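One structure is given below, encoded as structure tokens.
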Amino acid sequence: MPFFIDTIVPALSSEEAAWMYLQHIGMIGNSTCRECNTEMNMIWVEDAFRCICGYQEAVEFCLQEVTHSRLSLRQIVLVLYEIAKSSNCVAQIAEVCGMDRKLVYLIKSEIAECLKRWMLYDSREGYGFLGGHGTVVEIDEAFLGRRKNNRGSAENRRQGDPLLGFVERGSGRCYFVPVIRRTIVEMYPIILQHVLPGTIVVTDYWRSYLALSRDPDFQHYRVNHSVSFVSPEGYHTNTVEGSWYQVRKTIGTSKTSNNELTWMMARKRCALNTTYTFYTKMIEVITDRRFREPCT
């Protein structure tokens, strides 16, 4: 709440104040005035934004859905905050901001795409991976709508695609990737795509993970959950196993939503997991040109 009062409320006092705030956080995408061909320097004149040369330029924002909408500047400030605060509740955000639900959904989806690209980018390695020499990554797979191996009641055996989950110990970084089948052909390439060589990989005894034991790039330890929750070497998969509750709580059990997975993973990457830290990171990501364009 102090963050909202100290930062957001002053920006909601007027359109000019909202403009100054959006310009301060880098949300304004205009760079060159079409009239005077100089760096855009917008000022508030007679209830409109104009370049200092007097030319009234259409305001371009970092998010295309915002640029193409007819939202007031105060609505833009408020919707960004509300998305960061309650990223999974489109109806509530639309009601608070006085916006159409579809527009809120489109803005959220565009931000989610930026967050996906951010999570695939790693400044240390140049591209997004988990693990590294001496780092432990736990891997597990789960169905959102049914128990593994069709165990449990009929209600818990609803059809649904499995998720392959990765959790890096210590950092909290994670990925949850929908897969069609829990086969080695389906899962092994995804593991290679997300985990760095030299990583200590911990899994259960599902047969599709056997390929990791034959790969010299990984130290693979397996936990036989029929016997114990800890391997003879002292490794466990409790971290990734415990994450499935949060996944189910976030996106439900009836279907897999890539966008909702993205929001959950992005929040877990923010160390303090507060509205302020996530909002700050979200603004940093969507104002960074690298994350507004597809990775190449």
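The values are calculated or read from the model by the stated rules, or taken from the named source; none is laboratory data. What you see is a predicted model; the values in this text were computed from it and never measured. All Cβ positions, even for glycine, are placed from backbone atoms using ideal geometry, and neighbour counts span all protein chains on display. Side chains included, ligands, DNA and RNA excluded: accessible areas come from the protein's heavy atoms. Shrake-Rupley method; radii C 1.70, N 1.55, O 1.52, S 1.80 Å.
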TODO: Out of the residues in the range 259-287 that are modelled with pLDDT under 85, assigned to a loop (DSSP other than H, G, I, E, B) and polar (S, T, N, Q), state the one that is least open to solvent (accessible area, probe 1.4 Å).
DONE: THR274
- [ ] Pairs only if they're at least six apart or on different chains, beta carbon under 7 angstrom, first in the range 13-37 and modelled with pLDDT under 85, second among the aromatic types (Phe, Trp, Tyr) and surrounded by 14 or more Cβ atoms within 10 Å (Cβ to Cβ); list them, first residue then second.
- [x] GLU16/TRP44; TRP19/TRP44; TRP19/PHE49; ILE28/PHE61; GLY29/PHE61
Task: THR256 vs. criteria among the polar types (S, T, N, Q), in a helix (DSSP H, G or I) and at pLDDT below 90 - done: no
